[in-house]
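Below is one structure, written out as structure tokens, with a few remarks after it.
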Amino acid sequence: MNFLSQIHPISLRDQVVQQIRNSIIEGRINPNDRITENLLTKQLGVSRTPVREALILLEQEGLVVSSANRGCYVRAFSERDVSEIFSMRTTLENMAGKIVINELNKSNFSFLYNSIASQRVAIEQGDFKQVRTIDMAFHEYLVTQSHHELLIRNWLAIVAQIAVVLYLRAESIDGYDENQSIQDHTSIVEAYEARDLAQLMALNEQINLRVARECVKSIVGR
């Protein structure tokens, strides 16, 4: 029986991207902080080339900004940025819903309910990094079931930005209830099970509007 997965080599550039991206998403590098190639090469122990390539990719992801005057720095999200990110997320996830709502089967629903259960355990254990990882994986699973390459690519393009503003929300709102996402995910799965596209689209709209408002509050409060 094969119980091992194939190991895929990760380029040096991609390792640098992962390190910087995670540092931004987890708040170890703050909005508007400058990022210098010299410092990164020293801390990561790599040459300038993978660092320069990584920063180009992170700029394409919308996590860093470069300018002739300021150099490279971590992007600070505005209220408008947040509104656009979550309105785009709603549009993409509704499109995915239209494609897959009549296609999901028992195995798909089992995966989704197991995801919700895993998230509940992570909340009980206080592992909020894992909570957010499972949260994003839940939505990614539904989007990828569409097998629509352009849709998936556009959704993945904003995932890192979503992760940053969600981290800011969780860190800034006192007493934030992580269990809200459990309720959201359960309602979404129930809409898929009922093959109720109108309900699903209404939920996506409602949830993303609420989350966007929460994220804006966290940005204004900083």
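Among the residues in the range 154-172, are any without any contact (Cβ under 8 Å) to a residue 60 or more places away in the chain and loosely packed, with under 14 Cβ neighbours inside 10 Å? Looking for residues that are without any contact (Cβ under 8 Å) to a residue 60 or more places away in the chain and loosely packed, with under 14 Cβ neighbours inside 10 Å, one finds none in the range 154-172, hence no. Cβ contacts < 8 Å: first residue over 14 Å from VAL64 (Cβ atoms), restricted to the range 27-45; second residue hydroxyl-bearing (Ser, Thr, Tyr) and in a loop (DSSP other than H, G, I, E, B), any location; separation 6+ or different chain. Result? So the pair list comes out as THR41/SER47.
Of all residues in the range 193-217, those being more than 15 Å from PHE86 (Cα to Cα) and part of a helix (DSSP H, G or I) number 5. Taking first residues from the range 192-212 that are more than 16 Å from ILE99 (Cα to Cα) and partners that are surrounded by 14 or more Cβ atoms within 10 Å (Cβ to Cβ) and hydroxyl-bearing (Ser, Thr, Tyr), the Cβ contacts under 7 Å between residues at least 6 apart in sequence or on separate chains come to LEU203/SER187; GLU205/THR90; ASN208/THR90; ALA212/SER83.
Exactly one residue out of ASN69, ASN102, ASN32, ASN22 is out of contact with any helix residue (DSSP H, G or I) (no Cβ under 8 Å at 6 or more places or on another chain) and in the same structural domain as ILE207 (by TED's automatic domain parsing): that is ASN102. Screening the candidates PHE128, PHE138 for the property of being at pLDDT below 95, within 29 Å of VAL64 (Cα to Cα) and of a type in the set (A, V, I, L, M, F, W, C) yields one hit, PHE128. Taking the listed residues ALA194, ALA160, ALA202, ALA198, the one that is hydrophobic (A, V, I, L, M, F, W, C) and either at pLDDT below 95 or not assigned by TED's automatic domain parsing to the domain that holds ARG120 (or both) is ALA160, with no other qualifying.
The values are calculated or read from the model by the stated rules, or taken from the named source; none is laboratory data. Note that the coordinates shown come from a computational prediction; the quantities given were computed from them, not determined experimentally. For neighbour counting, all protein chains shown are included, and Cβ atoms are generated from backbone atoms with ideal geometry for every residue, glycine included.
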